[in-house]
Amino acid sequence: MPRAFIAIDIDEAVRQKLVNVQQQLTATGAQLKLVEPGNIHVTMKFLGDVPNDKISAVTDALRVAASGMQPFDINVRGIGVFPNPRYMRVIWAGVVDGRDAVIALQQNIDRELQKLGFSPERDFVPHLTLARVKTAKHKEQLAASIREMGNMEFGITRAQAVELMQSTLTPKGPIYSTLAHIELG
């Protein structure tokens with residue numbers, strides 16, 4: 001039973017700029033668990049454990065959700081945190097231009113997956129996770145660094161497909177593999 005999620009992949013130029021930011025965040029001395037460079041993506045929906053016999057139905061639902069959407073550009077800009085600056089658990093890069101298209105696609109995905117029994121997302125915020133904060137050590141330095149990078153430009157990536165991904169948890173971190181690649185349009 002694969003542990004699955006849905007994502008939009010990003011191009012290498014944007015990915016490299018985000019990796020540079022990860023290095024700056026690490027330089028604060030904060031205790032972070034960085035997302036592996038190849039695993040940075042626009043998170044659309046986490047599905048959890050999906051029975052093997054449901055994977056093809058999920059893939060079909062994604063095809064329906066993606067069929068009405070044309071490829072679009074995503075401008076990745078700014079750094080933020082979840083849940084809030086006083087209690088940082090996740091550090092992310094934001095989606096600016098293209099945000100409405102990402103939200104529309106995510107709503108299409110939610111609508112189709114609800115038919116299969118998946119719960120809809122609450123308060124969906126388009127983002128790319130960069131790191132998880134493990135402790136409050138050096139929190140002030142980390143917060144200052146995040147504020148400095150608040151509006152940093154990372155570039156434009158083209159959303160051409162959604163991917164159904166499998167996340168295999170290992171002691172060294174998750175390993176992602178593609179279960180289905182669905183082109184937009």
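The values are calculated or read from the model by the stated rules, or taken from the named source; none is laboratory data. Computed from a prediction, not measured in an experiment: that's the story for all the values here. Every residue, glycine as well, gets a Cβ built from its backbone with ideal geometry; the counts of neighbours run over all protein chains shown.
Residues in the range 80-98 that are surrounded by 12 or more Cβ atoms within 10 Å (Cβ to Cβ), free of Cβ contacts under 8 Å to residues at least 40 places away in the same chain and either under 16 Å from V19 (Cα atoms) or not hydrophobic (A, V, I, L, M, F, W, C) (or both): W92, G94. Selection of first residues in the range 56-67 that are surrounded by 16 or more Cβ atoms within 10 Å (Cβ to Cβ) and of second residues that are among the β-branched types (V, I, T), restricted to Cβ pairs under 7 Å at least 6 apart or on distinct chains, gives the following pairs, ordered by first then second residue: V58/V50; L62/I6; L62/I109; L62/V162; L62/I182; A65/I109; A66/V162; A66/I182. In a strand (DSSP E or B), within 19 Å of D97 (Cα to Cα) and in contact with a helix residue (DSSP H, G or I) (Cβ under 8 Å, 6 or more places away or on another chain): does that describe L164? Answer is no for this residue. Restricting the range 145-159 to residues that are crowded, with 16+ Cβ neighbours inside 10 Å and not in a strand (DSSP E or B), the residue that is farthest from the chain's Cα centre (by Cα) is S145. Listed by position, the strands (runs of 3 or more DSSP E) enclosed by the range 1-81 include none that has at least 1 residues that are in contact with a strand residue (DSSP E or B) (Cβ under 7 Å, 6 or more places away or on another chain), at pLDDT below 95 and aliphatic (A, V, I, L, M).
Within the set I109, I146, the sole residue that is touching a helix residue (DSSP H, G or I) at 6+ places or on another chain (Cβ under 9 Å) and more than 17 Å from M44 (Cα to Cα) turns out to be I146. Could you tell me which residue of the range 1-16 is nearest to E148 (Cα to Cα), considering only residues that are surrounded by fewer than 15 Cβ atoms within 10 Å (Cβ to Cβ) and not small (G, A, S)? Only one residue tops the list, namely Q16. The residue of the range 161-173 that is modelled with the lowest pLDDT, among those that are within 18 Å of the chain's Cα centre (by Cα) and surrounded by fewer than 16 Cβ atoms within 10 Å (Cβ to Cβ), is G173. Within the range 10-26, residues that are closer than 17 Å to T157 by Cα reach partners that are part of a helix (DSSP H, G or I) with beta carbons closer than 7 Å, at six or more positions or on different chains, in the pairs R15/P37; V19/P37. Condition first: surrounded by 13 or more Cβ atoms within 10 Å (Cβ to Cβ), within 30 Å of M152 (Cα to Cα), more than 15 Å from the chain's Cα centre (by Cα) and touching a residue at least 12 places away in the same chain (Cβ under 8 Å). Can you find one or more residues in the range 33-40 that meet it? Among the residues of the range 33-40, not one is surrounded by 13 or more Cβ atoms within 10 Å (Cβ to Cβ), within 30 Å of M152 (Cα to Cα), more than 15 Å from the chain's Cα centre (by Cα) and touching a residue at least 12 places away in the same chain (Cβ under 8 Å), which makes the answer no. Being surrounded by fewer than 17 Cβ atoms within 10 Å (Cβ to Cβ) and either in contact with a helix residue (DSSP H, G or I) (Cβ under 8 Å, 6 or more places away or on another chain) or in a helix (DSSP H, G or I) (or both) is the requirement here; does A104 meet it? When the stated conditions are applied, A104 passes them. Could you go through the range 122-144 and let me know if any residue there is over 18 Å from the mean Cα position of the chain (by Cα), surrounded by 13 or more Cβ atoms within 10 Å (Cβ to Cβ) and in a loop (DSSP other than H, G, I, E, B). Yes, because at least one residue in the range 122-144 is over 18 Å from the mean Cα position of the chain (by Cα), surrounded by 13 or more Cβ atoms within 10 Å (Cβ to Cβ) and in a loop (DSSP other than H, G, I, E, B).
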